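What follows is calculated from the coordinates using simple rules that are stated; it is not laboratory data. Bear in mind the structure is a predicted one, so any value in this text is a computation, not a measurement. For neighbour counting, all protein chains shown are included, and Cβ atoms are generated from backbone atoms with ideal geometry for every residue, glycine included.
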Amino acid sequence: MKIKKTTLSQIFFVLMILFFLAYLRSPRMKSWVIKGFMMVGFFKPDIHETKPGEKLYQAPPMAVEDINGASIDLQRQKGKVVFINFWATWCPPCLAELSSINDFYLKVKNNPDIVFISVDVDNKLEKSVPFVAQKGYSFPVYVTNMKILPPPFYSGTIPTTLVINKEGAVVFNHVNRANYDDEKFAEYVIGLTKQ
């Protein structure tokens, strides 16, 4: 009986099949792959510079609440720039971008002109707050009534990230994952506080 030699390409092929199957079955594996692409420069946030006279839509009324009952009313944040991220603990693209969101939060958390809102779309703070703490993230997590948020403010897709300017208009709306630990994005948001 003749035994065939295993070639390097056959081993590589089997490993690729195993990786692909793990990718299909594991949200953690999906987020790990997406995060890897983010680290090499993919998925940068698409910053749209507002042109003079461009029609912007106003942020709708929205109130968020944290696990301790403290709340933020979006309508009372005029004069400040508001960063909002909608996410869930089971969403691979959300998980992939959370570390970059935390890094962005650490850059802006002491700026009194920036309000940072991270919304758990499942409204399960008893799950999302420990999840964030276990990952070593320090950004605050809130819940809100997702049913009252109109499109185009929130389309139901996660992750969704918005930036609202000091006049209450939405100037940035990004659906899907992005790397928010990007110097251009931080400069953009901080620059809005000076306008």
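Odds and ends about this structure:
- Cβ-derived FRET efficiency at R0 25 Å, residue 68 paired with residue 147, nearest 0.05: 0.60
- Relative protection proxy for 127-138, 107-118, from highest mean packing down: 107-118, 127-138 (other beta-carbon atoms within 10 angstrom).
- Longest to shortest principal axis, alpha-carbon extents of segment 73-195, angstrom: 37, 30, 22
- Burial order of peptide ranges 69-80, 161-172 (average beta-carbon count within 10 Å, highest first): 161-172, 69-80
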